Amino acid sequence: MLRIDRVLGSRLEPEFSEELHRLEHRGAIDIVNVPVADLARRRLLITTRGGEELAIALPRHQKLFDGAVLLLDGDRAIVVRAASERWLRLEPRSRQPRPPAARAVSGREGLRPGPPATRRQARRRSRSRMGSNAA
């Protein structure tokens, strides 16, 4: 088990980028996928993609981040990758207008695109949609 006690820097910093580029061509960069929720932790036991176990114990002033270089020597490097969060995407089944209950909940009852109407016109439209003939 390899003990990591500090972050060396970012993979984007010029002093690391050239060396990392050289090691990448040789296939000597090991990646450690850290879940987004664990990036704020300072103590962490985790395994790299290459199977090496890491014991990370950072000082209080350092945090893990996407692209953090944990180890860099002439033969290999270990770099943090933030595991992306999964999002749920919802799409409507149809493009038809929402039912009246959904419009009322969303606060859009009676609003229509177009020129602004007077209160009387808005009330008439609202009543006509509800089935009332009163003006």
If ASN33 passes every condition in (1) over 12 Å from ILE78 (Cβ atoms); (2) at pLDDT 90 or above; (3) exposed (fewer than 15 other Cβ atoms within 10 Å of the Cβ) but one, which one does it miss?
(1)
Filter segment 9-40 down to residues that are outside any helix (DSSP H, G or I), in contact (Cβ under 8 Å) with a residue 12 or more places away in the chain and more than 14 Å from VAL69 (Cα to Cα), then give me how many there are.
2
With ARG26, ARG22, ARG3 as the choices, which residue is more than 26 Å from the chain's Cα centre (by Cα) and at pLDDT 95 or above?
ARG3
Do we find a residue being under 25 Å from the mean Cα position of the chain (by Cα), surrounded by 12 or more Cβ atoms within 10 Å (Cβ to Cβ) and in a loop (DSSP other than H, G, I, E, B) anywhere in segment 52-62?
yes
With respect to ARG49, is the statement that it is surrounded by 14 or more Cβ atoms within 10 Å (Cβ to Cβ) and either touching a residue at least 60 places away in the same chain (Cβ under 8 Å) or in a loop (DSSP other than H, G, I, E, B) (or both) true?
no
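The values are calculated or read from the model by the stated rules, or taken from the named source; none is laboratory data. Keep in mind it's a predicted model, so treat the numbers as computed, not measured. In this analysis, Cβ positions are derived from the backbone assuming ideal geometry, glycine residues included, and neighbour counts consider all displayed protein chains.
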